[in-house]
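Enquirer: Here it is, the structure in full.
Every number in this text was worked out from the coordinates using simple rules, so none of it is lab data. In this text the structure is predicted, and so the values were computed from the model without any measurement. Don't worry about glycine lacking a Cβ; one is built from the backbone with ideal geometry, like all the others, and counts go over all protein chains shown.
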Amino acid sequence: MALLKQIIERYSVRSYQQRAIEKEKLLAVLEAARLAPSANNVQEWRFVVVQDAETRKKLCVAANNQRFVGEAPVVIVCCSNLSDHVMRCGQMAYPIDVAIAMEHMALQAVAEGLGTCWVGSFYEDQVKAILGIPEKARVVELLTLGYPADTARAKSRLPLDQIVAYERWQF
Ligand SMILES: Cc1cc2nc3c(=O)[nH]c(=O)nc-3n(C[C@H](O)[C@H](O)[C@H](O)COP(=O)(O)O)c2cc1C
């Protein structure tokens, strides 16, 4: 139940206080990523933690000028250093592995009194150029992190009976 509480409390924070994040809290969030599962335990995720204000401004531009990307005191650039592992099921492993680690971070952030927002609207080539990320690596998503300056909205989600079937596909 404790975890469900954090899941319920998590929301996309798009306005941040200018208060710095304590180092222990940042480390706890990163530790949550480190402990995530990954296909074959390959752990291909790589995280670039950006706190420098000038770099965050550049990331804001690369992220379609989404204002909160420049405002958040920390932007975690969530990357993969390998992008050719296809699982037997036919799915690429790296976006899934990085995404799991990201949601671990998002939930640990809630436990620390912090907020996050996933950012998928960005130009990968620009982010790579800003941070010196090599061509063969991929930038999967950005995750903003900081103390929220806004408040949670009601969640808009489909009911369980529209997204879950038992025993057979019945949608
Ligand atoms: C893969 C992914 C990419 C997203 N990209 C953006 C984004 O670029 N900008 C943004 O403001 N929100 C982004 N979001 C946040 C979603 O809009 C948000 O999670 C969704 O509307 C549900 O709202 P909630 O997170 O507050 O529950 C993204 C979320 C995910 C999972």
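Enquirer: If I filter the stretch 105-112 for residues that are within 16 Å of the ligand (Cβ to nearest atom), small (Gly, Ala, Ser), in contact (Cβ under 8 Å) with a residue 60 or more places away in the chain and outside any helix (DSSP H, G or I), do I get at least one hit? So that I can check it myself, show each step before the final result.
Expert: Filtering the stretch 105-112 down to residues within 16 Å of the ligand (Cβ to nearest atom) leaves 105-110.
If we keep only those that are small (Gly, Ala, Ser) too, we end up with 106, 109.
Imposing the further condition that a residue be in contact (Cβ under 8 Å) with a residue 60 or more places away in the chain reduces the set to 106, 109.
So of that shortlist, the ones also outside any helix (DSSP H, G or I) come out as none.
Within the stretch 105-112, none of the residues are within 16 Å of the ligand (Cβ to nearest atom), small (Gly, Ala, Ser), in contact (Cβ under 8 Å) with a residue 60 or more places away in the chain and outside any helix (DSSP H, G or I).
Enquirer: Residues Arg56, Arg67: which one is surrounded by 17 or more Cβ atoms within 10 Å (Cβ to Cβ), of a type in the set (Lys, Arg) and within 15 Å of Thr144 (Cα to Cα)?
Expert: Arg56
Enquirer: Something else now. Quick one: Gln43 ticks every box in (1) at positive phi; (2) touching a Phe, Trp or Tyr at 6+ places or on another chain (Cβ under 7 Å); (3) surrounded by 14 or more Cβ atoms within 10 Å (Cβ to Cβ) except a single one, so which number is it?
Expert: (2)
Enquirer: For the stretch 139-164, give me each residue that is β-branched (Val, Ile, Thr) and in contact with a strand residue (DSSP E or B) (Cβ under 8 Å, 6 or more places away or on another chain). Let's see the steps before the verdict.
Expert: Initial filter on the stretch 139-164 (β-branched (Val, Ile, Thr)): 139-140, 144, 151, 163-164.
Val139, Val140, Thr144, listed by residue number.
Enquirer: Any chance you could count how many residues in the stretch 25-66 are within 16 Å of the ligand (Cβ to nearest atom), in a helix (DSSP H, G or I) and of a type in the set (A, V, I, L, M)?
Expert: Looking only at that region, the number is 4.
Enquirer: Residue by residue through the stretch 145-171, note down the ones that are under 23 Å from Ser12 (Cα atoms), more than 16 Å from the ligand (Cβ to nearest atom) and not in a loop (DSSP other than H, G, I, E, B).
Expert: Leu160
Enquirer: Also, I was wondering about something else. Residue by residue through the stretch 117-171, note down the ones that are surrounded by 10 or more Cβ atoms within 10 Å (Cβ to Cβ) and among the polar types (S, T, N, Q).
Expert: Ser121, Gln126, Thr144 - these are the residues of the stretch 117-171 that are surrounded by 10 or more Cβ atoms within 10 Å (Cβ to Cβ) and among the polar types (S, T, N, Q).
Enquirer: For the stretch 85-102, give me each residue that is touching a residue at least 24 places away in the same chain (Cβ under 8 Å) and assigned to a loop (DSSP other than H, G, I, E, B).
Expert: Within the stretch 85-102, His85, Met87 meet the criteria.
Enquirer: Continuing with the same structure: Looking at the stretch 113-144, which of its residues are away from the ligand (no atom under 16 Å from the Cβ) and in contact with a Ser or Thr (Cβ under 8 Å, 6 or more places away or on another chain)?
Expert: Ile130, Leu131, Lys136, Ala137
Enquirer: Give the residue that is farthest from the ligand (Cβ to nearest atom), with candidates limited to residues of the stretch 1-24 that are closer than 19 Å to Val74 by Cβ and of a type in the set (Val, Ile, Thr).
Expert: Taking the candidates together, the pick is Ile21.
Enquirer: Here's a follow-up. Looking only at the stretch 67-84, which residues are within 13 Å of the ligand (Cβ to nearest atom) and in a loop (DSSP other than H, G, I, E, B)?
Expert: Correct list: Ala72 only.
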